[in-house]
1. Counting pairs of Cα atoms in the range 137-224, how many percent are more than 18 Å apart?
2. Most exposed first by the Cβ proxy, i.e. fewest other Cβ within 10 Å, how do SER361, SER426 rank?
3. Report D for the range 172-273 in µm² per second (integer): Stokes-Einstein, Kirkwood Rh on Cα pairs, 10 °C, 1.306 mPa s.
4. Of the options ALA64, THR306, PHE474, report the single residue whose Cα projects farthest towards the positive end of the charge dipole of the chain (beta-carbon charges: Lys, Arg +1; Asp, Glu -1).
5. I'm spelling it out carefully: the read-out is volume of the Cα convex hull per residue in Å³, the candidates are [x] 206; [y] 168; [z] 217, and one was derived from this structure. Which label?
6. Provide SER264, SER213 in ascending order of the number of other Cβ atoms located within 10 Å of each residue's Cβ, fewest first.
7. Mind computing the radius of gyration and Dmax over the alpha-carbon atoms of the range 86-129? Å is fine for both.
8. For helix 179-189, what angle does its Cα long axis make with the longest principal axis of the chain, in degrees from 0 to 90 and rounded to 10?
Amino acid sequence: MRGFLNRANVAVVKLVLTMQSREKKELIGTEGKLLLDMIRRLNRRGATEHLLKLISKTHPADTAWVFRHLTELERNEVFNILAQTDQVGEFLSELDESVMVPLVENLTPQFMADVISEMASDDAADIIEALPDEFGAAIRAQMEQADREEVDELLQYHPETAGGLMSPDFMYLDEELTVGEAIAKVQKRSEEKEMVFYLYITFGDGKLAGVVSLRELLTNPPHRQLKNIMRENVLSVTTDTDQEEVAHVISQYNILAVPVVDASYRLVGIVTVDDIIDVMREEATEAFLQMAGAGKDREILLKSTTENAVLRAPWLFASWIGGVMALFIIGAFEKELTQVLALASFIPIVMGMGGNIATQSSTIVVRGIATGRINMDDFHKIVFKEMRVGIILGVLYGSFLGVLAYFGYAEPKLLGLVVGLSIFFSMAMAATIGTIIPLILKRFDIDAAIATGPFVTTAIDILGVLAYFMIAKFLLNL
């Protein structure tokens, strides 16, 4: 029986390895489940040799995807095997922080120092930044001086700035070099460097002078100096530039990397497009979570039930406050409700339509701000545009609901007008407020995403209900 299981294990391993050898893509669906089930099965049966072979042939990003779905015990057991491969450094850099830290804390500082020394400096700095200070210091103490100084240089910058994102392993050449000399230097050093498609040209004590593409270098005569073929107007960012701005520069100008300079315009590193893709995904996730009122922790799905509830509870407090205030408003108009019971039937739709259009407007504005498509100098133009949209939709749905109320309720006669006007006012007001609040927050350099979700919709619910009863009281003489 054991022989049969071993043959079955080998067959499935070969199947998965063949699958992994195809062009890499995001591991989802049947392919991901097959790998996950196979790793679990091999681990459970203690088939260490086959598991080691499978992990060695699997891309570290795919292995990291699998780890998100393993139990804590399974992660520790599989990681003990994975740590025997040369993929451990790249694997750790692919892991979510909440998964990576518990795994690494069980390792010795010397082992981690050896692993980090083989990693790209920016990835190594990210891992040390995520670890507890004492353990990070112990790892750095075990590192070679050159490696430690390179990592320490990156750790001095905030992790969400260009300095925190950049890689110091880049190709730069002095402007006095000839094309022939530059080609020889590239051939000798390119394996150690990132993104050699762009060759940055420096002068003096390393100040940025220009850039030459690899193609331009190869198509120019060997005797020509780099300063005569380089492009001088180079897009660059400073070490303290926010990561969102760096992402905007790379996406706006469709470049694969952007150079990073210090206060004296000395070239100190580059930020590559692969790091920016991660930044854009993280920022988008954070914004969506805030807009939905679920906090801003990007790893919320990996939290325990209790931690998840604790993170989301404060954001729901705004909704709770709004509900209590709406309760008091409705209670204040109890006399009017008893006179016209039909008014109660339309409260949910008045609140719902206002909240929905407010969320739409806020989402559009927040996304426009994030992508740079909204110019803050056009503040009034943006607000009035959304206001007009709210008025048009308010007239449309107010008319629909007003006609429905008129034919659905014989008394009072003006109920249809009350409902129609209330919907119109609620939607027009909601679209306006949903636009203004994110723009005002942006003006004061506050994250606009926090304006949406519970905050805007709760405010609109309160104002919408209040306006509804005030219009009813006035038109129906209650």
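Values in this text are rule-based calculations from the coordinates and carry no lab data. Note that the coordinates shown come from a computational prediction; the quantities given were computed from them, not determined experimentally. Please note: Cβ atoms are built from the backbone with ideal geometry, for glycine as well, and neighbour counts cover all protein chains shown.
1. On the way: 2112 of 3828 pairs.
Looking at the range 137-224, the distances longer than 18 Å represent 55 percent of pairs.
2. Details: SER361 28, SER426 31.
Taking fewest neighbouring Cβ atoms as first place, the list is SER361, SER426.
3. Values: Rh = 14.0 Å.
After rounding, the answer is 114 µm²/s.
4. Farthest towards the positive pole: PHE474.
5. It is the value labelled [z].
6. Values: SER264 10, SER213 13.
Ranked by crowding around the Cβ, least crowded first: SER264, SER213.
7. When restricted to the Cα atoms of the range 86-129, Rg and Dmax are 9.3, 23 Å.
8. The angle comes out near 90 degrees.
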